[in-house]
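So the structure is just underneath, and the comments pick up after that.
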Amino acid sequence: MSLNARDPSRCKLIAGLRKGSKAVLPPMAIVWPCTLPVDAYAAAGRSLEVPRADCPDCFEPMGFWSGYFRFVRHKGSCLKIWVPRGRCVTCSKTHALLPAFCTLNRLDQVESIGEVIASVVRGPSGVRPAAEHLGVPHTTARGWLRRFRSNARRLAVAFAALCVDLGADAPAPVSDPMTFALGAIAASWRGACALPGWLAVHPWRFCSSVCGGSLFSTNTNSPWLVVGRRRFMPPVP
């Protein structure tokens, strides 16, 4: 799924290009660019107001339809948060509306994951000191690095393309794919900040929004961000 970069408050998401009229899209989370702190989101519970999203299959506005609880690790503590679901009246499909500080199949908030990755890739810190600083098991942090390393080339090329479309200067390629990926993510976020609403979104939440929460998943599809209803991120071999 991809969201409308011009208006994160409306959280428009659309699907990738279909092949044929009856193509079936893979299930992916709808990630909305939440700017609330994790603890404030958790404290709000079910009373939190979440923006309505359009159905990623038929593009019709969805209504809210129950939800579920999940946990997020924030500053060493596991917080229980409510994840609402949207339901399309037209096609009757439901989709979870995941806040941008979450990633698929990961307990920790995306800022923590990103901080560990940046500390190890760009700085002198090793995995163990970076993990201890955030209070997460070093084996967990090591898994983040491994997954980011395996996705680095795909992310680097995709986010560099996003920079170009947003009118920002894309970083020059470097020999280390992880360094290139970090630079491309940061540059594309700076480009998105010129658009309404995106300056308040943390860079790693922006990244999670672009990727549909699949930043550290095994998904081999390229992430893409959609401005309006136009897909412009190219597939990466």
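So which pairs qualify, if the first residue must be in the stretch 63-92 and over 16 Å from residue 30 (Cα atoms), the second must be of a type in the set (Asp, Glu), the Cβ gap must be under 7 Å, and the two must be at least 6 apart or on different chains?
Sorted first by the residue in the stretch 63-92, then by its partner, the pairs are 73/108; 74/39; 79/39; 89/60; 90/60; 91/57.
Confirm whether residue 131 is buried (at least 19 other Cβ atoms within 10 Å of the Cβ), touching a Pro at 6+ places or on another chain (Cβ under 7 Å) and modelled with pLDDT of 90 or more. Break it down into steps so the answer makes sense when it comes.
Numbers: buried (at least 19 other Cβ atoms within 10 Å of the Cβ): yes; touching a Pro at 6+ places or on another chain (Cβ under 7 Å): yes; modelled with pLDDT of 90 or more: yes.
Taking the combined requirement at face value, the residue satisfies it.
Which count do you get for residues in the stretch 151-177 that are in a helix (DSSP H, G or I) and either without any contact (Cβ under 8 Å) to a residue 40 or more places away in the chain or among the basic types (Lys, Arg) (or both)? Talk me through it step by step, then tell me what you get.
Taking the stretch 151-177 first, the residues in a helix (DSSP H, G or I) are 151-165, 177.
Then keep just the ones that are either without any contact (Cβ under 8 Å) to a residue 40 or more places away in the chain or among the basic types (Lys, Arg) (or both); that gives 152-154, 156, 160, 163-164, 177.
Number satisfying all stated conditions: 8.
Table: residues versus (1) surrounded by fewer than 18 Cβ atoms within 10 Å (Cβ to Cβ); (2) at pLDDT 90 or above; (3) closer than 23 Å to residue 183 by Cα.
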{"residue": "71", "(1), (2), (3)": "yes, yes, no"}
{"residue": "88", "(1), (2), (3)": "no, no, no"}
{"residue": "95", "(1), (2), (3)": "no, no, no"}
{"residue": "99", "(1), (2), (3)": "no, yes, no"}
{"residue": "108", "(1), (2), (3)": "no, yes, yes"}
{"residue": "113", "(1), (2), (3)": "no, yes, yes"}
{"residue": "122", "(1), (2), (3)": "yes, no, yes"}
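Could you grab the pairs with beta carbons closer than 7 Å, sequence gap of 6+ or different chains, first residue in the stretch 94-121 and more than 30 Å from residue 174 (Cβ to Cβ), second one of a type in the set (Gly, Ala, Ser) and outside any loop (DSSP other than H, G, I, E, B)?
Once the first residue is more than 30 Å from residue 174 (Cβ to Cβ) and sits in the stretch 94-121, its partners that are of a type in the set (Gly, Ala, Ser) and outside any loop (DSSP other than H, G, I, E, B) give 94/86; 95/86; 97/86.
The values are calculated or read from the model by the stated rules, or taken from the named source; none is laboratory data. In this text the structure is predicted, and so the values were computed from the model without any measurement. Cβ: placed from backbone, ideal geometry, glycine included. Neighbour counts: every protein chain shown.
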